[in-house]
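Notes follow the structure.
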Amino acid sequence: MYAVAAAAPVAAALAHIGPAATWLPGLRRRRFPALAGQGGPGHVALTFDDGPDPVSTPHFLDALDALGVRATFFVLGENVSRHPAVAGEMARRGHEVGVHGWAHDRPWWPAPLRDAREVLRAAQVVGEVTGRSPTWYRPPYGILTSGRWAAARRAGLRPVLWTAWGKDWRHDATPASVRANVAADLRGGGTILLHDTDHASAPGSWRATLGALPDVVRDCREAGLAVGPLGEHGTGGAAVAAGVRAAGAVHGTHRFGHRRRDSRSVMEDSDDQRAAAPDPSCPP
């Protein structure tokens, strides 16, 4: 009886964190493409996290206007409540505004009631400020626990992560490094993750992203890919739900199964191993 009681918290913790296996890039791309943000092959979704920021976000809005591009901004509820005019300007200029949570916190311990309350609170403030109910949800750090998945579902939001990122939160990010990191993983139908603020990143790192943005868009267009928000991307919601439910079962077995793998699968498994421990100080 004691052993059963002692095992219960461990089982609860595993159930909580199991779906977060979808953070692993190779696993996510292969097994859960809709959750990864895989859309139509002729389109790339451009997304930004962590705003709004009254210092940096307006520069991104102006740059996107100049490029003729609309994007999806995943905002933090606490930042929207502090800077409602900036969030409203995002929507006014034709961009989608999605939910990134209330605060940029780490979900290591189960807190389903708090998750439900904070995701719903963030969705409500986004709707109030922009005049539009949000559609999309991306959790901080890309860690989609069972509690956060349930919270998104209750709030009527569809989780989506990314297939390519600029690693633009780093202190040593430059426009060239951001462009190269995006290009390394970018394919038709992919979703790009960038940041329009240094709210949870190295101070001033947003300038590297802003400097890279014209080249990132140009690279997509020269490859024959349209660039726009998730709403124009053709990402399937039903597949997202199925992927999250299955993630716990796949975690721990996807890398060790006895199956023939081609060179791309081996490369993606190597990506998984490198990504398994996200940098806690400079998160997506």
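The values are calculated or read from the model by the stated rules, or taken from the named source; none is laboratory data. Since the model is a prediction, treat every value here as computed from it, not as a measurement. Note that each Cβ is placed from the backbone with ideal geometry, even for glycine, and that neighbours are counted across all protein chains shown. Remember, those area values only see protein heavy atoms, side chains included, never the ligands or the DNA or RNA. Shrake-Rupley method; radii C 1.70, N 1.55, O 1.52, S 1.80 Å.
Here the helices (runs of 4 or more DSSP H) wholly within region 18-122 that include at least 1 residues being modelled with pLDDT under 95 and out of contact with any Pro (no Cβ under 6 Å at 6 or more places or on another chain) are 25-31, 33-36.
Considering only region 118-130, how many residues are surrounded by fewer than 20 Cβ atoms within 10 Å (Cβ to Cβ) and touching a Lys or Arg at 6+ places or on another chain (Cβ under 9 Å)? The number of residues fulfilling the criteria is 1.
Residues that are among the basic types (Lys, Arg) and either in contact with a Leu (Cβ under 9 Å, 6 or more places away or on another chain) or not in a helix (DSSP H, G or I) (or both) were ranked within region 135-178; the one that is surrounded by the fewest Cβ atoms within 10 Å (Cβ to Cβ) is Arg154. Residues in region 103-113 include at least one that is closer than 26 Å to Val216 by Cβ and either open to solvent by less than 40 Å² (accessible area, probe 1.4 Å) or of a type in the set (D, E, K, R) (or both). If the condition is being touching a strand residue (DSSP E or B) at 6+ places or on another chain (Cβ under 9 Å), in a helix (DSSP H, G or I) and either open to solvent by 50 Å² or more (accessible area, probe 1.4 Å) or farther than 22 Å from Gly98 by Cα (or both), then region 179-230 contributes Asn181, Ala183, Ala184, Asp185, Ala212, Cys220, Arg221.
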